[in-house]
Amino acid sequence: MASPDRPSVTCPYLLWWRLFRELSRRGAGTRESGAFLLGTRKAGAATVRALVFYDDIDPNALSTGIVRLSGHAMNAVWQTCADRGLEVLADIHTHPGGAGQSRSDQEHPMVSMKGHLALIAPRFARSAFDLAGIGVYRYRGSKLWDDLPAPRPGWLGIRIRGA
Ligand SMILES: [Zn+2]
């Protein structure tokens, strides 16, 4: 059972496929790319409703090969959330190899709120079906993270954490 402070996040299949297609296209197999998963929460369960890709809100987000977002870009994310009644449920970015967190990933959460979820897609998000290869990390604060189980397929979409 998911408790209210640790809800599972469901990403509908169409959005999940679109997410991976776009991450892979934008990274072009040579650089990291990333996105925010925005959605709604109800009774301890959260559902992804929209994706915001880093390079759409910050033209320089992918330019160094490692994803970086300006403060201005973050404001755009919060504004999108406010306008559409959504919240940031998680972020995801790609890595060239495996899905382990880099030191930079650990020290610079995209959203430094306790409980924030950060996902890492291996091999530049080449496959939307390699769920076991995806890293899921939950922010504990003070640059510390919990390692969570890989996403799994569910009835309504890909489920992140939860049973
Ligand atoms: Zn990283």
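All of the numbers you see were taken from the coordinates with simple rules; none came from a lab. It should be emphasised that the depicted structure is a prediction, and the values quoted were computed from it without experimental measurement. Every residue, glycine among them, receives a Cβ derived from its backbone with ideal geometry; neighbour counts consider all protein chains shown.
Key figures
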{"item": "Cα→Cβ-extended label distance, 7 Å offset, between A50 and E107, nm", "result": "3.4"}
{"item": "Exposed chymotrypsin sites (Phe, Trp or Tyr not before Pro) absent - longest run of the chain, DSSP non-H/G/I/E/B, at most 15 other C-beta within 10 Å", "result": "1-128"}
{"item": "Residue among D146, D105, D83 with the largest mean-square fluctuation in a Gaussian network model of the chain, springs linking Cα atoms under 10 Å", "result": "D83"}
{"item": "Cα-based equivalent ellipsoid of segment 1-93: semi-axis lengths in Å, sorted from largest, via gyration tensor", "result": "24, 16, 11"}
{"item": "Residue of S142, S33, S24 that the Gaussian network model of the chain assigns the largest fluctuation, springs spanning Cα pairs under 10 Å", "result": "S142"}
{"item": "q = 0.11, 0.16 Å⁻¹: log10 I(q)/I(0) that the Debye formula gives for the chain, counting C-alpha atoms only", "result": "-0.38, -0.87"}
{"item": "Virtual spin-label span in nm between W17 and K42, 7 Å along Cα→Cβ", "result": "2.4"}
{"item": "Under 11 Å, Cβ to Cβ, from A76 - net charge with Lys/Arg +1 and Asp/Glu -1", "result": "-3"}
